[in-house]
1. Of all residues in segment 27-54, which are over 18 Å from N6 (Cα atoms) and at pLDDT 80 or above?
2. Tell me, yes or no, whether segment 1-10 has at least one residue that is closer than 19 Å to K62 by Cβ and either surrounded by 12 or more Cβ atoms within 10 Å (Cβ to Cβ) or modelled with pLDDT of 80 or more (or both).
3. Is it true that some residue in segment 56-67 is modelled with pLDDT of 75 or more, in a loop (DSSP other than H, G, I, E, B), of a type in the set (K, R) and loosely packed, with under 10 Cβ neighbours inside 10 Å?
Amino acid sequence: MPLTVNSESDITLDKDFNTKMLKFYRKVNQKEGLVGLYYTTTNISKSVNTLFAYYLDLLKDKKNKPVIN
């Protein structure tokens, strides 16, 4: 499972899975950029902020940027 959240709002994230999926995405959509992500609740916890920070760092990484010719 790429992401699980338990009842205490602890998040377990499979970073290898996410990196692999981003690489697959880049192979098919070389010029497309990822806009971001969304969260469907009004309860923003510390663990959710950590998750957003992870994805923000992942998208800021130069090796994950789209190819622009």
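The values are calculated or read from the model by the stated rules, or taken from the named source; none is laboratory data. Just so you know, these numbers come straight off a predicted model, no measurement behind them. All Cβ positions, glycine included, derive from the backbone under ideal geometry; neighbour counts span all protein chains shown.
1. Taking segment 27-54 first, the residues over 18 Å from N6 (Cα atoms) are 27-38, 53-54.
K27, V28, N29, A53, Y54 - these are the residues of segment 27-54 that are over 18 Å from N6 (Cα atoms) and at pLDDT 80 or above.
2. Looking only at segment 1-10, we keep the residues that are closer than 19 Å to K62 by Cβ, and these are none.
No: segment 1-10 contains no residue that is closer than 19 Å to K62 by Cβ and either surrounded by 12 or more Cβ atoms within 10 Å (Cβ to Cβ) or modelled with pLDDT of 80 or more (or both).
3. no
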